[in-house]
Amino acid sequence: MVIDELHDRCGEWLKGDGPQSDIVMSSRIRLARNLADFPFIRRCNDIDKANIESTVRERLSQEDAFTTLNFFNVAKLNSLDRQLLVERQLISRELSNGDGSRAVAIDSRERLSLMVNEEDHLRIQVMKSGLNLDGAWEQINKLDDDIESRLTYAFHPKFGYLTACPTNAGTGIRVSVLVHLPALAITHQIEKVFRSLQKINLVVRGLYGEGTQAMGDFYQISNQVTLGKSEREIIDQVADVIPYVIDYERKARQYLLDEKQNDLFDRVSRAYGTLQTAQQISSEETMYLLSRVRMGVNLELIDNLEIPHINQLFLRTQPAHLQKICEQTLDTDQRNVERANYLRLQLKRDDTDAQAN
């Protein structure tokens, strides 16, 4: 795998083939781990970081489960390639913008991502399409055990896995589900749902995690507490709540169909029409309009589009992906024009294919 191959593929979180995938885009579990023989990242010098990376690479190369991983030296990637990995949710913004030696290992299906020298020495991530936290936990638990058989983690009998940020100590686990909630946003119920989640120590973030906006009505719902509970208890806490969020969104969509059908159809058709005819369009507006169209397809208001293609458009119209497709560096205004051109071309093909069938 090379970076230039990624932009033409669909990332795991947008495949749309998992359980409840009309609302739940992906399920992700991340583990924060540090090596016992090195200081935390914030106290590491450049030599320490280089030694951490080389140690991880060397030890994991001895484990069969990791021989098929693709290692990328993030420090040597250009800014566009780093942004591409961020957009695919394979690395964090922190790793992209960091300094010194840092790397990421990715499997060919983009379900596993292992970041080296982010906020912690290791950030292990497994992602599944749709609502599949049990599948993600089964895979990451085995991976974590395999890594720990090769590397000595920083661990305290009382405080569990030691992490750079105290809020991650204990299990070091972050369980998150990425949901698409356009109907709750339209019916102005989204804040009420979020307040309910906060009362049970669940946090809501934007599409790309902490400190990011909720573009396209995408929200990450995750645990806030990692200490004092087992991994299973934390997973169950998130897993038990998500069905209620799904139910709220389904009821909001049904309400719009039953009581606000003209308004709903107008929102969807205007969004679709704008995407088909715009001469320039920002990534934020594209996400917003595609969100409406995606809901319209799921509610059978649009019959010539398929969800997997819409999901791909979410990704391929992001700045780094778009520049990779165009094979040139573009400023903001140029991207807005090329994005509109790309959308018109892709949606015209959908119309042509629908008429042919």
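Just so you know, all these numbers are worked out from the coordinates, no wet-lab data involved. This one's a predicted model, so the numbers in the text were calculated from it and none came from an experiment. Backbone-built Cβ (ideal geometry, glycine too); neighbour counts: all protein chains shown.
Of note:
- Dipole of the chain, positive end: most advanced residue of Ser108, Ser96, Thr274 [Cβ charges, Cα centre]: Ser96
- Extension gain from Arg57 to Ile200, taking 0.36 nm per residue of separation minus the Cα-Cα distance: 47.6 nm
- Fully extended contour minus Cα-Cα distance, from Arg42 to Cys165, at 0.36 nm per residue: 43.2 nm
- Each Lys and Arg Cβ is given +1 and each Asp and Glu Cβ -1; about its Cα centre, region 185-328 then shows a dipole of about 220 debye.
- Taken over region 73-120, the ratio of Cα radius of gyration to 2.2 N^0.38 Å equals 1.01.
- Listed peptides 98-109, 33-44 by packing density, highest first (mean Cβ within 10 Å): 98-109, 33-44
- Residue among Phe66, Asn311, Gln224 farthest towards the positive dipole end of the chain, charges placed on Cβ: Gln224
- Normalising by residue count, the chain has a Cα convex hull of 136 Å³ per residue.
- Per-peptide packing, taken as the mean over residues of other Cβ atoms within 10 Å, places 325-333, 121-129 in the sequence 121-129, 325-333 from highest down.
- Counting only Cβ charges, +1 for Lys and Arg and -1 for Asp and Glu, the dipole size of the chain around its Cα centre is about 620 debye.
- Straightening the chain between Lys348 and Tyr153 buys 64.9 nm, computed as 0.36 nm per residue apart minus the Cα-Cα spacing.
- By average C-beta atoms within 10 angstrom, highest first, the peptides 336-346, 310-320: 310-320, 336-346
- Rounded to 10°, Cα long-axis angle of helix 307-316 versus longest principal axis of the chain: 60 degrees
- Report summary: the helix-based calculation at 222 nm, which adds -39500 (n - 2.57) for every DSSP H run with n ≥ 4 and divides by the residues of the chain, gives -15000 deg cm²/dmol.
- Nearest-20 debye value, region 260-356 charge dipole, Cβ charges on Lys, Arg, Asp, Glu: 80 debye
- Signed unit charges on C-beta, dipole axis of the chain, positive-most listed residue Ile246, Asn132, Pro166: Pro166
- Förster-model FRET efficiency, 22 Å R0, His188 and Gln254, C-beta, rounded to 0.05: 0.85
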